[in-house]
Amino acid sequence: MEFRAEARYVRVSPQKARLVLELIKGRRVEEAMNTLTFTKKGIAPDIQKLLRSAIENANYLSQEKGLDVDLDNLYVKRAIANEGPRMKRIRPAPMGRAFRYQRRIAHIEIALAEKGANGVATVVTDQTQATATKSKGKTAGKGTKKSAARNK
């Protein structure tokens, strides 16, 4: 089961938000809260508030729907910052000119999941998939070369 919270139209650059979100990805919820408490970035309190909201969503669903969710086993499964609409602004420049600049806005999403019974999340990473694909490709390639050599 996945529990998520989303903050839309946050007045921060998505790039700056991603710097903080990378710190908490894959960590246990308690560890992520501690990390956000001591992070000196300006967006950290907003992300901590969003993480707290996701935890409360998990707590609410466990009580309302009767799900057996252990809040101590939750971890940050996904933490992303997408780009929102940009605000175009004009700054006065010398000699009557004007320079345009853009104020960026982010949509931030945090998703929590519960670790499995053995304490390990059942998530397949891209590296394991790539390794499996490479090993399959090598054996298939060798077999075709040998069969081509036999036919000659």
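For the stretch 58-89: of the residues being surrounded by 15 or more Cβ atoms within 10 Å (Cβ to Cβ) and among the polar types (S, T, N, Q), which is farthest from ARG18 (Cα to Cα)?
The selected residue is SER62.
Across the stretch 90-120, what is the total count of residues that are surrounded by 14 or more Cβ atoms within 10 Å (Cβ to Cβ) and either out of contact with any helix residue (DSSP H, G or I) (no Cβ under 7 Å at 6 or more places or on another chain) or within 21 Å of ALA32 (Cβ to Cβ) (or both)?
Residues flagged as surrounded by 14 or more Cβ atoms within 10 Å (Cβ to Cβ) and either out of contact with any helix residue (DSSP H, G or I) (no Cβ under 7 Å at 6 or more places or on another chain) or within 21 Å of ALA32 (Cβ to Cβ) (or both) within the stretch 90-120 amount to 11.
Any idea which of (1) at pLDDT below 95; (2) over 16 Å from ALA113 (Cβ atoms) is the one SER62 doesn't satisfy?
SER62 satisfies all of (1) at pLDDT below 95; (2) over 16 Å from ALA113 (Cβ atoms) except (2).
The values are calculated or read from the model by the stated rules, or taken from the named source; none is laboratory data. What you see is a predicted model, and the numbers here were worked out from it, not measured in a lab. Positions of Cβ are backbone-derived with ideal geometry, glycine not excepted, and every protein chain shown enters the neighbour counts.
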